[in-house]
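Trainee: Got a structure for you, questions after.
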Amino acid sequence: MTRARGDAAAPAESFTEEHFVNLYLAKDDPWDNATKWSDRRKYAITAASLPREHYRRAYEPGCAVGELTRLLAPRCDSLLAVDCVDAAVEQASAAVASFPHVEIARALLPAELPTGTFDLIVIGDLLYYLSAADLTALLDGLLARLEPGGDIAAVHFRDRGGAGNYDGFNVHETLIARPGLEHVVHHSDDWFVLDILTAAR
């Protein structure tokens, strides 16, 4: 589906923690990340598109059940992945149990951003759940933690239809518009949109 600027707006309020908790109460893997071919393909393309073979310290906000986390783990010396739902944290921890350098933690964003800096930040299917103010706050916080020359990757479902039409196209446009970033990778198809940007040195 083709999107144009201005045809959608961020939700008036961010989706609540309770909303996501209830999704996991209803189903262990609410979006079928571990079994759906479109998601497995999306994560594989994301990992393959990262410009560098290896990263020193990576951060993945909104890791869900850890399917993308598991692909990122061998590429990093250290990886912090977070989610706001305990059930997701438990499943993600199990998914990366063989990688001792990966930490899975509970965090509610944008309020609970980590300390320190990262040379890789990967955001998957998270940004369109945020209000405009929270989206701005999260992007501000992420970019403040992105090291010079570091990469930030965003990958989101492209057409969310019934969710107010605010989708990957819209949130990626917001990220791409930020100054000080070089746009190095773009992929778009019927399922998802992927953009990777590198911070100026």
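Trainee: Kindly indicate the residue of the range 27-57 that is among the polar types (S, T, N, Q) and over 15 Å from D195 (Cα atoms) and also most open to solvent (accessible area, probe 1.4 Å) among those meeting that condition. Explain how you work it out, then say what you get.
Mentor: Residues of the range 27-57 that are among the polar types (S, T, N, Q), as a first pass: 33, 35, 38, 46, 49.
Among the residues that remain, those that are also over 15 Å from D195 (Cα atoms) are: 33, 35, 38.
Details: N33: 12, T35: 98, S38: 21 Å².
Top of the filtered list is T35.
Trainee: Can you find a residue in the range 183-190 that is farther than 24 Å from D77 by Cα, surrounded by fewer than 22 Cβ atoms within 10 Å (Cβ to Cβ) and of a type in the set (A, V, I, L, M, F, W, C)?
Mentor: At the first step, the residues of the range 183-190 found to be farther than 24 Å from D77 by Cα are 183, 186-190.
Narrowing the set further to residues that are surrounded by fewer than 22 Cβ atoms within 10 Å (Cβ to Cβ) leaves 183, 186-190.
Adding the requirement that they be of a type in the set (A, V, I, L, M, F, W, C) leaves none.
Looking through the range 183-190, none of the residues is farther than 24 Å from D77 by Cα, surrounded by fewer than 22 Cβ atoms within 10 Å (Cβ to Cβ) and of a type in the set (A, V, I, L, M, F, W, C).
Trainee: Please enumerate the residues belonging to the range 69-113 that are open to solvent by less than 10 Å² (accessible area, probe 1.4 Å), in contact with a helix residue (DSSP H, G or I) (Cβ under 7 Å, 6 or more places away or on another chain) and part of a helix (DSSP H, G or I).
Mentor: Within the range 69-113, T69, L72, A88, A92 meet the criteria.
Trainee: Next up: Could we say that L23 is touching a Pro at 6+ places or on another chain (Cβ under 6 Å) and either closer than 22 Å to A199 by Cα or surrounded by fewer than 21 Cβ atoms within 10 Å (Cβ to Cβ) (or both) here? Talk me through it step by step, then tell me what you get.
Mentor: On the way: touching a Pro at 6+ places or on another chain (Cβ under 6 Å): yes; either closer than 22 Å to A199 by Cα or surrounded by fewer than 21 Cβ atoms within 10 Å (Cβ to Cβ) (or both): yes.
When the stated conditions are applied, L23 passes them.
Conditions tested, residue by residue: (1) more than 19 Å from I152 (Cβ to Cβ); (2) within 12 Å of the chain's Cα centre (by Cα); (3) among the aliphatic types (A, V, I, L, M).
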site: Y43; (1), (2), (3): no, yes, no
site: L50; (1), (2), (3): no, no, yes
site: R57; (1), (2), (3): no, no, no
site: C63; (1), (2), (3): no, yes, no
site: E90; (1), (2), (3): yes, no, no
site: S93; (1), (2), (3): yes, no, no
site: I121; (1), (2), (3): no, yes, yes
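Trainee: Across the range 136-155, which residue is nearest to F15 (Cα to Cα) among those that are part of a helix (DSSP H, G or I) and small (G, A, S)? Give the derivation first.
Mentor: Restricting attention to the range 136-155, the residues satisfying the condition of being part of a helix (DSSP H, G or I) are 136-145.
Cutting the leftovers down to small (G, A, S) gives us 137, 141, 144.
Details: A137: 15, G141: 19, A144: 24 Å.
Filtering the range 136-155 for residues that are part of a helix (DSSP H, G or I) and small (G, A, S), the one nearest to F15 (Cα to Cα) comes out as A137.
Trainee: Residue check: is V171 assigned to a strand (DSSP E or B), open to solvent by less than 30 Å² (accessible area, probe 1.4 Å) and either touching a residue at least 40 places away in the same chain (Cβ under 8 Å) or among the small types (G, A, S) (or both)? Walk me through how you get there before you give the answer.
Mentor: Working: assigned to a strand (DSSP E or B): no; open to solvent by less than 30 Å² (accessible area, probe 1.4 Å): yes; either touching a residue at least 40 places away in the same chain (Cβ under 8 Å) or among the small types (G, A, S) (or both): yes.
When the stated conditions are applied, V171 does not pass them.
Trainee: Here's a follow-up. Condition (residue is open to solvent by 40 Å² or more (accessible area, probe 1.4 Å) and modelled with pLDDT of 95 or more) applied to the range 58-68: is it met by at least one residue? Spell out how you get there, then give the answer.
Mentor: Going through the range 58-68, the residues open to solvent by 40 Å² or more (accessible area, probe 1.4 Å) turn out to be none.
No, there is no match, as no residue in the range 58-68 is open to solvent by 40 Å² or more (accessible area, probe 1.4 Å) and modelled with pLDDT of 95 or more.
Trainee: For the range 66-99, give me the residue count where each residue is of a type in the set (K, R) and without any contact (Cβ under 8 Å) to a residue 12 or more places away in the chain.
Mentor: 0
Trainee: Right, next: Just checking, does the range 124-135 include any residue being more than 21 Å from A10 (Cβ to Cβ), buried (at least 20 other Cβ atoms within 10 Å of the Cβ) and touching a Gly at 6+ places or on another chain (Cβ under 7 Å)?
Mentor: Going residue by residue through the range 124-135, those that are more than 21 Å from A10 (Cβ to Cβ) are none.
No, that holds for no residue.
Trainee: In the range 10-20, what residues are open to solvent by 70 Å² or more (accessible area, probe 1.4 Å), under 19 Å from T136 (Cβ atoms) and not β-branched (V, I, T)?
Mentor: Passing the criteria: A12, E13, F15.
The values are calculated or read from the model by the stated rules, or taken from the named source; none is laboratory data. Since this is a predicted model, take the numbers as computed values, not measurements. Every residue, glycine among them, receives a Cβ derived from its backbone with ideal geometry; neighbour counts consider all protein chains shown. Quick note on the areas: whole protein, heavy atoms, side chains included, nothing else; ligands and nucleic acids left out. Shrake-Rupley method; radii C 1.70, N 1.55, O 1.52, S 1.80 Å.
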